[in-house]
1. Suppose we filter R126, R150, R85, R102 for residues that are in contact with a Lys or Arg (Cβ under 7 Å, 6 or more places away or on another chain) and either touching a residue at least 24 places away in the same chain (Cβ under 8 Å) or not polar (S, T, N, Q) (or both); which single one remains?
Amino acid sequence: MQATNTEASVTARRLLIRTKFDLPQNELVHLLSLHDQVNLPFLECPVFEGQTNNGSSLGPMVMPPLESEWTLTVAQKKVVYKSFRIPVGGPGLKASEPPVQRKDGDMEPVFWQAPPASMLRAIAGRCKATHVISLTAGNGKDAAWLVTDRICCFCFCMSQEHVDQVWQTVKSSVLNSMLDAKHMNFDAEVARAFATGKKAYEAEVKAQQEAEPGKSKKKDNMEKKEPKAKKDPKPSAKEKKEPKEPKDDPKPSAKQKKEPKKEPKAKKKEPKEKQEPKEPKKPRHSNSESEEVISSCESDESSSDWGGGSSDDEPKKKTRKTRFHGGEVALG
């Protein structure tokens, strides 16, 4: 038989395609029999719809992406392969370049050329196989499909690490089929026990989280958060709108800045507004004495104190009288 892989799935696994018409999509499946003719009843393919054991083709199959395969570091792969590891060489991405040297810490698939599990399942279904001996167990997906379909499978592995991986893959596949109500392996008791165990496990995890270690962590977190709570809260929108109290030294407003210019004028006017009439000093002489002084000044116009004697031609000098409390005084 000839098995065919889709071009897209094969291309996704390759970094470089060197020549045209050279993409390896087809695989040959050899069937050996002790009889001259294989006598099998008519059987439909359990995987690919429309195909039977009358045909000689198988597929098309979709190769799974390398990211979904079993991956290990280069150092771990050496432990899995043990003495079965055969180093291979070859050119790099370009024919003139040497191959890339891998490091022990680099991650890569354990099996680069592992076929999809649907391939072996389709062959076993067409041949009506009841027992399968697998010389290349690979990542264990083939064995998982066979055991889930109740076909006995005997696999050869390279190391104990390889056995553990295959056994874990088989157990997971069988358990999932027993929990699927549409599968022939469905078991109600197993599904009920699994659901009960799942709930119990979830309750146990929850109880552990609520245990004292968890509470102590919460307390520690609260203590760490306490200093933040002591900080003054941010003012609300109402508090922002309310007028703030004036500070000790508020900044002068525009009007206050203009006032100092007017202050000197106000200071000049203040003495006039606030000036009160001073009380006149009391005269050193009485009213009678002041009257005598005035009369003497008026009569004695020819004395030397007033600039000479009087004459009709010369104009008379005007006298100025000043009134004060207690009498009048004439001034020249």
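1. Sole residue among the options that is in contact with a Lys or Arg (Cβ under 7 Å, 6 or more places away or on another chain) and either touching a residue at least 24 places away in the same chain (Cβ under 8 Å) or not polar (S, T, N, Q) (or both): R85.
Per-residue answers, yes or no, for (1) loosely packed, with under 14 Cβ neighbours inside 10 Å; (2) out of contact with any helix residue (DSSP H, G or I) (no Cβ under 9 Å at 6 or more places or on another chain); (3) at positive phi:
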{"residue": "D104", "(1), (2), (3)": "yes, no, no"}
{"residue": "A114", "(1), (2), (3)": "no, no, no"}
{"residue": "R126", "(1), (2), (3)": "no, yes, no"}
{"residue": "A129", "(1), (2), (3)": "no, no, no"}
{"residue": "S134", "(1), (2), (3)": "no, no, no"}
{"residue": "A143", "(1), (2), (3)": "no, no, no"}
{"residue": "R150", "(1), (2), (3)": "yes, yes, yes"}
{"residue": "V163", "(1), (2), (3)": "no, yes, no"}
{"residue": "T196", "(1), (2), (3)": "yes, yes, no"}
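Only the coordinates and a few stated rules stand behind these numbers; no lab work does. Nothing here was measured: the structure is a model prediction, and the numbers come from that model. In this analysis, Cβ positions are derived from the backbone assuming ideal geometry, glycine residues included, and neighbour counts consider all displayed protein chains.
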